[in-house]
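What follows is a single structure, written as structure tokens, with notes after it.
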Amino acid sequence: MSFCLETYLQQSDDYEVLINKAGFKDCARLIRFKADEVIYVKPGEVILGVRIIGVPPIPIGIIENEKKLLIPYTKPCHGTSVVELPIDKKEIDNIRKLAI
């Protein structure tokens, strides 16, 4: 994969945290509300270089006209956040292939 979320969040300012230190259900609700398209993946899938963890099925939001992705990002002991970040079309297509 050409993109690593961990590295991106450490080295870039080109993303927005929409909700932080929240419960997974609240994050999933926000993704469903804000995204134009929502796909669901299994826990453990690798999205942007990170294994996604959470309560299945895990929603991933796509705002295609803005080329943005809404992703739940869970760090144990820190809760779950929803991160909105720019993404290219190729990565969006790769994520769609993981849909259940």
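In table form, for the structure just shown:
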{"quantity": "Residue check, Leu9 part of a strand (DSSP E or B) and either of a type in the set (A, V, I, L, M, F, W, C) or at positive phi (or both)", "calculated": "no"}
{"quantity": "Among (1) modelled with pLDDT of 95 or more; (2) crowded, with 17+ Cβ neighbours inside 10 Å, the one test that Thr74 misses", "calculated": "(1)"}
{"quantity": "Filter pass, Ile100 being of a type outside the set (D, E, K, R), over 17 Å from Lys25 (Cα atoms), more than 13 Å from the chain's Cα centre (by Cα) and surrounded by fewer than 18 Cβ atoms within 10 Å (Cβ to Cβ)", "calculated": "yes"}
{"quantity": "Residue count for region 51-60, restricted to those that are outside any loop (DSSP other than H, G, I, E, B) and closer than 15 Å to Ala22 by Cβ", "calculated": "2"}
{"quantity": "Criterion violated by Lys21 - all others in (1) out of contact with any helix residue (DSSP H, G or I) (no Cβ under 6 Å at 6 or more places or on another chain); (2) surrounded by 11 or more Cβ atoms within 10 Å (Cβ to Cβ); (3) not polar (S, T, N, Q); (4) not in a helix (DSSP H, G or I) satisfied", "calculated": "(2)"}
{"quantity": "Matching entry among Ile39, Ile60 (being closer than 12 Å to Tyr73 by Cβ, buried (at least 17 other Cβ atoms within 10 Å of the Cβ), modelled with pLDDT of 95 or more and not polar (S, T, N, Q))", "calculated": "Ile60"}
{"quantity": "Residue check for Val82: over 14 Å from Leu18 (Cβ atoms) and in contact with a helix residue (DSSP H, G or I) (Cβ under 6 Å, 6 or more places away or on another chain)", "calculated": "no"}
{"quantity": "Extreme residue, surrounded by the fewest Cβ atoms within 10 Å (Cβ to Cβ), among residues of region 77-95 that are over 16 Å from Val50 (Cα atoms) and of a type in the set (Asp, Glu)", "calculated": "Asp93"}
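The values are calculated or read from the model by the stated rules, or taken from the named source; none is laboratory data. Just so you know, these numbers come straight off a predicted model, no measurement behind them. Positions of Cβ are backbone-derived with ideal geometry, glycine not excepted, and every protein chain shown enters the neighbour counts.
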